[in-house]
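Take a look at the structure below.
The values are calculated or read from the model by the stated rules, or taken from the named source; none is laboratory data. Model, not experiment: these values are computed from the prediction. For neighbour counting, all protein chains shown are included, and Cβ atoms are generated from backbone atoms with ideal geometry for every residue, glycine included. The accessibility values were calculated without ligands, DNA or RNA, using every heavy atom of the protein model including side chains. Shrake-Rupley method; radii C 1.70, N 1.55, O 1.52, S 1.80 Å.
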Amino acid sequence: MLNGSAKTIMKEMWYPRMKNPKYNVYLYAMLAGFGAISLSVLLFFFIYRLQGVGEILGNIVHILKPFIYGGVIAYLLRPACNLYTDGLTKLLPEKGKKYSDVLGITLSMITGLLVIYALIIMIAPQLYQSIISLWNSLPYKIEQTIAWFTQRFGENEIVLQFFDASYKAIYNKLTIWGQDTLIPYLTGIVSGLGMSVFKVLLFFKDLLIGLIVAVYLLASRKKFSRQSIMLVRSILPPRWADVTLQEIAFVDRMFGGFIDGKLVDSAIIGVLCYIGCATFRFPNPLLVSAIVGITNVIPFFGPFLGAIPATLLILIESPMDALWFVLFILFLQQLDGNIIGPKILGDHTGISSFWVLFSILLFGGLWGIVGMIIAVPLFAVIYDIIRKLVIRGLKRNGCTELYPDRTADDVPDAQQPEGKN
């Protein structure tokens, strides 16, 4: 502890220097250098131990899988739950209004389960029948193709030699592939069957717990919302709390509006595809329509991802029908891209087609199919934050003329330029 005389000496030594701007510059430079060195050490340690950090995060995610599943389910069912709850509140008598929330949650969960059950019932039997049909008709299709080529090019020795060489090459490659790849793979499947069954059981266990978590989240959604607002306002100053809550509301509107709209759009496309397939009598109309509708959830690449396996399924039965189906899908996707999608989604994201493609490739490469689904709204949020920061920087530097299409009210903390009312 310092006595009174020592404190006086310290004040006489440091206070004049603290008031001197020259010494303040040195002090700030020293603190900045110390902070930079500390952050560099922490970053080096993080990168050096990245594998260990990744394993820790992976274990945490694995433990919290039921809550992740439950959160996703609750977020997807929230619009239906709110719709049921509001409708029941208006329809039920005064004494029954207190049960509207419970009934809304129950009906929304039943709706979600019925949709999943309907998709499984539609896809599974027809998928099994398509595989059996392919297996049974494949030898006949090969013989028919060889007969057609023989009839067309039977007198051409060069073509016959080409097909003979191609057949031998393909046969040898298939034989090598079966011996080196397929048989070991099937052996691995058989040996790991017990582990696979165990993983499937774990998945259903996590999913079941996730459904229970989803019920709790839906029942307490308003309470959690109020608690989150109170937490943000208790931690941050009023100005930053308002900004944070506004951004959270924007994220919720962006993700909720885009994903819900995309689900509705995909359902409409699936129904229209089924009507078209039934009208033109394409093979496996229900299975084909389910594939097209489900893959349509993925922006940009979804129609192509769905059209390829659907076309192959039709190609097995009739090559001419496959050609007409491709033309039908092109028409349907044009209808979706120019009329149905804009009507449902509107200009919801506010980003250009280039950034849509960029975001899908980026987040799809990072997180697979899930990344491709959430890529557009996630990048739209990042894009909006960067846009606001750029506008704030322009405003701070007095460059308001660089965004003449925006008024001062559109820019956070904007000020009117001098000389203007």
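Considering segment 363-421, and only residues there that are modelled with pLDDT under 80 and of a type in the set (Asp, Glu), the residue that is most open to solvent (accessible area, probe 1.4 Å) turns out to be 418. In a residue-by-residue description of segment 281-301, the property of being of a type in the set (Lys, Arg), open to solvent by 30 Å² or more (accessible area, probe 1.4 Å) and outside any helix (DSSP H, G or I) applies to at least one position.
Checked against (1) aromatic (Phe, Trp, Tyr); (2) surrounded by 17 or more Cβ atoms within 10 Å (Cβ to Cβ); (3) out of contact with any Cys (no Cβ under 9 Å at 6 or more places or on another chain), residue 328 meets all criteria but (3).
Looking only at segment 210-263, residues that are outside any helix (DSSP H, G or I) and hydroxyl-bearing (Ser, Thr, Tyr) come to 1 in all.
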